[in-house]
Amino acid sequence: MIKPYLKDFKPYPPGKPIEELRRELGIEGPIVKLASNENPFGPSPKAIEAIKEAAKDVHRYPDPSGYELKKALAQKLGVKPEEIVLGNGSNEVIDLLVKALLAPGDTALMSEPSFLMYEKFVQAAGGNIKKIPLKNLRHDLFALAGAIDEKTRLLFLDNPHNPTGSIIKHHEFESWIKDLPKNILIVLDEAYIEFNEDPEIINGLKFKDHKPPVAILRTFSKAYGLAGLRIGYGIMNQALADVLNAIRQPFNVNSLALTAAKVALEDEKYFKQVLNTFLEERKRLTEALKRFGLKPYPSQANFILVEVGQSGQKLYQALLRKGVIIRNTEAYGFSTCVRISIGTPEENDFFLAKLKEVLNEA
Ligand SMILES: *Cc1c(COP(=O)(O)O)cnc(C)c1O
């Protein structure tokens with residue numbers, strides 16, 4: 001018998017794939033997708049070469065410990081390899097943390113809106129999720145703290161936050177966390193940390209051994225352009241990392257991902273070049289959207305939440321017909337907004353041209 005609480009489960013709603021749009025609306029011209037916060041520049045060319053080379057060995061199981069990659073990450077981050085847990089995307093690390101800490105009937109806290117996957121993994125484990133509304137488009141740290149009770153095991157914070165791009169500052173976090181109960185885990189999801197330009201953002205690594213402890217999540221899906229290979233990691237105190245490594249599948253990260261991630265990490269020149277383009281384009285798009293009379297919210301991520309002063313769903317549909325896929329944020333509770341992932345300069349130009357047409361037609 002299927003567990004009763006799984007009956008109403010629905011699959012994660014991903015951004016619309018390009019081919020689906022082509023089929024559904026019969027669009028023949030170019031299609032630009034700025035919906036899933038992917039990296040349109042792709043990974044380092046050296047990583048692609050490494051994948052080709054590693055393809056020759058795919059008949060072998062991957063290294064179950066991810067030794068080389070963990071060593072490289074540990075060195076870069078100034079932590080021990082034993083404090084790192086690799087996952088099939090950082091999504092898997094969320095799942096592992098939930099499995100390790102949450103028993104049926106226990107509670108996890110998150111903001112509303114925030115990343116949908118926190119809720120899914122908690123519910124799939126038979127736990128309860130309690131959601132606290134954002135305040136001024138930011139995590140409401142004090143309301144979250146106020147919602148902690150004896151059933152609470154986990155508290156999720158994405159920083160930068162998706163879909164607003166807002167951040168929590170180090171000093172805010174530091175004074176907040178010191179008064180929390182010591183027996184919960186704070187999960188600090190830093191999927192977009194590489195795009196942050198604010199020097200005051202939380203330095204999460206400083207809190208991995210704090211009481212309560214903090215587990216930091218990072219990914220190769222966004223800034224490193226490896227979303228399709230599925231690789232991310234968590235940094236946490238070793239006792240917790242040991243448990244996650246004991247309960248995960250031995251070969252949870254595939255061999256191509258392990259190789260590509262290490263090479264991508266080491267190609268700092270390519271990384272910086274791509275990152276600079278992202279940051280320049282974020283500024284340029286923000287200014288252009290303002291000139292159109294829209295209200296882009298300041299973002300420290302590779303996407304921008306934009307207040308459009310009309311139904312976001314309608315604008316989303318109108319842009320779809322012109323071959324531009326953005327994210328409709330209605331499901332996030334922002335019905336008069338849309339979220340735009342930052343594309344290449346050419347993609348952003350295409351988007352701005354089509355947006356101008358749509359706004360003029362309205
Ligand atoms: C994209 C994203 C991730 C990354 O997930 P992966 O499984 O590493 O691809 C994690 N958290 C948030 C908030 C995200 O938006």
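The values are calculated or read from the model by the stated rules, or taken from the named source; none is laboratory data. Since this is a predicted model, take the numbers as computed values, not measurements. Here Cβ is always computed from backbone atoms with ideal geometry, including for glycine, and neighbour counts include all displayed protein chains.
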Inset, instruction - Kindly indicate whether any position in the stretch 152-167 is assigned by the TED database to the domain that holds residue 131, in contact with a helix residue (DSSP H, G or I) (Cβ under 8 Å, 6 or more places away or on another chain), among the β-branched types (Val, Ile, Thr) and closer than 27 Å to residue 123 by Cβ. - result: no
Legend entry - Within the stretch 99-132, considering residues that are hydrophobic (A, V, I, L, M, F, W, C) and within 14 Å of the ligand (Cβ to nearest atom), the one modelled with the lowest pLDDT: 116
Inset, instruction - Only residues that are among the small types (Gly, Ala, Ser) and under 13 Å from the mean Cα position of the chain (by Cα): list them for the stretch 167-200, please. - result: 191
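Residue-wise test of (1) of a type in the set (A, V, I, L, M, F, W, C); (2) more than 14 Å from the ligand (Cβ to nearest atom).
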site: 152; (1), (2): no, yes
site: 160; (1), (2): no, no
site: 168; (1), (2): yes, no
site: 171; (1), (2): no, yes
site: 179; (1), (2): no, yes
site: 182; (1), (2): no, yes
site: 188; (1), (2): yes, no
site: 197; (1), (2): no, yes
Legend entry - Test set (1) modelled with pLDDT of 95 or more; (2) in the same structural domain as residue 301 (by the TED database); (3) not charged (D, E, K, R) - residue 27 fails condition number: (1)
Legend entry - Residue check for residue 21: over 16 Å from residue 231 (Cβ atoms), buried (at least 21 other Cβ atoms within 10 Å of the Cβ) and in contact with a helix residue (DSSP H, G or I) (Cβ under 8 Å, 6 or more places away or on another chain): no
Inset, instruction - List every residue pair whose Cβ atoms sit under 8 Å apart, with the two residues 6 or more apart in sequence or on different chains, where the first one lies in the stretch 73-92 and is free of Cβ contacts under 8 Å to residues at least 60 places away in the same chain and the second, anywhere, is among the acidic types (Asp, Glu). - result: 74/83
Legend entry - Residues located in the stretch 225-259, provided they are within 14 Å of the ligand (Cβ to nearest atom), of a type in the set (Gly, Ala, Ser) and in a helix (DSSP H, G or I): 227, 228, 257
Legend entry - Any pair with Cβ under 9 angstrom, 6 or more apart, that starts in the stretch 174-192 at a residue that is farther than 27 Å from residue 279 by Cβ and free of Cβ contacts under 8 Å to residues at least 40 places away in the same chain and ends at one that is assigned to a loop (DSSP other than H, G, I, E, B) and within 16 Å of the ligand (Cβ to nearest atom): 176/168
Inset, instruction - Might you check whether a residue that is assigned by the TED database to the domain that holds residue 179 and within 9 Å of the ligand (Cβ to nearest atom) occurs anywhere in the stretch 201-215? - result: no
Inset, instruction - Could you tell me whether the stretch 220-232 includes any residue that is surrounded by 24 or more Cβ atoms within 10 Å (Cβ to Cβ), of a type in the set (Gly, Ala, Ser) and within 20 Å of residue 90 (Cβ to Cβ)? - result: yes
Inset, instruction - Go over the candidates 67, 12, 61 one by one and state the one that is closer than 30 Å to residue 242 by Cα and free of Cβ contacts under 8 Å to residues at least 60 places away in the same chain. - result: 67
